[in-house]
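K.L.:
My questions will all concern the structure given below.
The values are calculated or read from the model by the stated rules, or taken from the named source; none is laboratory data. Bear in mind the structure is a predicted one, so any value in this text is a computation, not a measurement. For neighbour counting, all protein chains shown are included, and Cβ atoms are generated from backbone atoms with ideal geometry for every residue, glycine included.
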Amino acid sequence: MSVQSKEIVSSRTISRSGDSFTASRTFLIYNDNASISFSASAAINHGGGVSFGMQHPEVPIFANGFNLTPSSERANTYTIVWNYELEPEPDPTDGGDNTDTDPDDDGGVLDPPTGGEDEDDTDSEPGDDGVSEDEPDEDDTSEETGERTFKGVSITTGLALVDGYVAGASIPDNGSQGGADGYLIADGTVVHQGGEPITVPVPTAEVSLSETTWGAYFFLNDVQFKAGKRNVSGFLGFSAGTVVFKGMSVQRQAYDQWDATYTFSWDAWSHMRQIPKRDDEGDLDWNDAVAPSTDKTLDIFFKQPFPNTVSFDFAP
């Protein structure tokens, strides 16, 4: 396995407000052997060659946080956006890593360095929502108990303009196309013109759910492998099979504070799209006319580009 990182130099931003500067840099991090699994924790440890407190190459400000997003276009690929501000968080004993990953744990546990701790001395257990240290005593009334805060919700509705051959066709249950050829459309009104589609609007919605957790660790629990999959059951009032999980971003705002945002996309056609039947040469495969009609007909199918489903119980 060879981990590669490429900075998208054109994406660099530098902002100024008074005497204060902020900036960001974006990197692609990937395993050049796409057949080998590459975890988010490994991508964060690599960090594109950047670590907390490292100075920006152009202005005297320092790395203080990042967003990590798995790619939906290529396996084992992540985008990491580093943010920079005027002052780094001082820690003279910090070794400079972005995270420490327990080599005995394959679950993607992110362990930010604090300096001075014993690497073998942790009281974290998988499944505790990332809260592993500094938990209050029973008599402690501190609000930072490591529990999730309220759930942030953002919903944006819109339209997708897609190729349509049949209007008013029934969408298959759960968005399943059935066989390899797709789901043969048997109802609705033919609107294509001689095999040429028209543009039809499909209602859509973009949904973001965000939460903040506290603790020394953030557990990914393999969420990164669920991107590009649809909901196996109802989700936020949307029917099964109509929502695709697009990905998650996590930003460490402080040593023990993690902000996570999960993004989803709903589609009224369950993300299915219409295609005409074609022959082996790629030409439209027309059916012979059936008397008394002299018109040939064309079979139209629903195809599902996101065939896999998964439980969304990982969402906030």
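K.L.:
Looking at the stretch 186-292, what strands (runs of 3 or more DSSP E) fall wholly within it and have at least 2 residues that are in contact with a Leu (Cβ under 9 Å, 6 or more places away or on another chain), touching a residue at least 12 places away in the same chain (Cβ under 8 Å) and exposed (fewer than 15 other Cβ atoms within 10 Å of the Cβ)?
P.N.:
Working: elements: 198-214, 243-254, 257-267, 273-276.
Per the criteria, 198-214.
K.L.:
Select from the stretch 43-57 the residues that are in a helix (DSSP H, G or I), at pLDDT 75 or above and touching a strand residue (DSSP E or B) at 6+ places or on another chain (Cβ under 7 Å) and list them in ascending order.
P.N.:
Ala43, Ile44, His46, Gly49
K.L.:
Looking at Asp102, Asp106, which one is loosely packed, with under 14 Cβ neighbours inside 10 Å, at pLDDT below 70 and closer than 24 Å to Met248 by Cβ? Even if it seems obvious, please write down each step before you answer.
P.N.:
Working: Asp102 fails: loosely packed, with under 14 Cβ neighbours inside 10 Å.
The conditions single out Asp106.
K.L.:
Then there's this: What are the pairs with Cβ atoms under 9 angstrom where one residue, in the stretch 296-316, is buried (at least 17 other Cβ atoms within 10 Å of the Cβ) and the other, located anywhere, is among the hydroxyl-bearing types (Ser, Thr, Tyr) and in a strand (DSSP E or B)? Sequence gap at least six, or different chains.
P.N.:
Phe301/Tyr183; Phe302/Tyr183; Gln304/Tyr183; Phe312/Tyr262; Ala315/Tyr262
K.L.:
Right, something else. Which residues, taken from the stretch 9-37, are free of Cβ contacts under 8 Å to residues at least 12 places away in the same chain and surrounded by 12 or more Cβ atoms within 10 Å (Cβ to Cβ)?
P.N.:
Listed by number, the list holds a single entry, Thr13.
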